[in-house]
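Working notes for the structure below.
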Amino acid sequence: MPVHTRIRPFNTKDTYPEQKLNNDLCQAVVARGATVFVRGQIAQDLDTRESLHIGDAGAQARKAMENIKMLLEEAGSDLSHICRVVVYLVDIRYREAVYTEMGKYLQGVFPVSTGLVVSALARPEWLVEIEATAVIPDEA
């Protein structure tokens, strides 16, 4: 039995057939447990604060998801308990590369997702920022 109720799950390959995407998402999540809000993550080494993968939106998304995974595990949760992601892009042309990488980490999870195109992020070398909300589930 699932810990969280995923309402109207779908895959982006069906919703956006003109794009080469394969992301498991849903329209709403009913979650139980303590909430974990993960600050927007970028391609930055969290220990050294070094910006990584300059000019490569896909690699930046991969590093952002690696950071999210690490932070959730430190909080006592994991990627499977993500309920919501918000993706900020500085250019719509990066969408496919970013969502392809993000989808690898969220396969079978079905979070709700919002994507925005913004004029800039906090540093000019950052092309994508990904924010996540997850749950530390109540013990069964």
Original post:
Can you list residues whose amide H is under 5 Å from PHE110's amide H, if they're 5+ apart or on another chain and H is modeled 1.01 Å from N?
Top reply: ASP24
**OP:** Match the structure shown to one of the listed values (i) 15.0, 47; (ii) 14.0, 44; (iii) 14.7, 45 of Rg and Dmax of the Cα atoms in Å, computed from it, and give that label.
**Re:** (iii)
**OP:** Could you check how much of the accessible area of the chain is carbon and sulfur, as a whole percent, using a 1.4 Å probe?
**Re:** 51
Original post:
Mind listing the phi-derived Karplus ³J(HN,Hα) values for segment 98-108, rounded to whole Hz, using 6.51, -1.76 and 1.60 with θ = phi - 60°, and x for any glycine or proline?
Top reply: 5, 5, 4, 5, 4, x, 5, 8, 10, 4, x
Original post:
Per-residue HN-Hα couplings for segment 76-91, Karplus 6.51 cos²θ - 1.76 cosθ + 1.60 at θ = phi - 60°, whole Hz, x for Gly and Pro?
Top reply: x, 10, 7, 4, 5, 9, 5, 10, 8, 10, 10, 10, 10, 10, 8, 8
Original post:
Each residue of segment 41-57 in order: what ³J(HN,Hα) in whole Hz does its phi give by Karplus 6.51 cos²θ - 1.76 cosθ + 1.60, θ = phi - 60°, with x for Gly and Pro?
Top reply: 9, 10, 7, 9, 6, 5, 8, 9, 6, 6, 6, 10, 6, 4, x, 10, 4
Original post:
Straight-line reach from LYS20: which aspartates and glutamates have Cα under 20 Å away, leaving out those fewer than 8 places along the same chain?
Top reply: ASP56, ASP91, GLU96, GLU101
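For SER119 and LEU52, what is the calculated FRET efficiency with R₀ set at 30 Å and r taken between the beta-carbons, to the nearest 0.05?
0.85
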Original post:
Excluding ligands, DNA and RNA, what is the solvent-accessible area per residue of the chain at a probe of 1.4 Å, expressed in Å²?
Top reply: 56
Subject >> Residues of type aspartates and glutamates that LYS69 reaches as a straight line, Cα spacing below 12 Å, ignoring anything fewer than 8 places off in the same chain >> reply: ASP78, GLU131
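The values are calculated or read from the model by the stated rules, or taken from the named source; none is laboratory data. Keep in mind that what you see is a predicted model, and the values were worked out from it rather than measured. Don't worry about glycine lacking a Cβ; one is built from the backbone with ideal geometry, like all the others, and counts go over all protein chains shown. Side chains included, ligands, DNA and RNA excluded: accessible areas come from the protein's heavy atoms. Shrake-Rupley method; radii C 1.70, N 1.55, O 1.52, S 1.80 Å.
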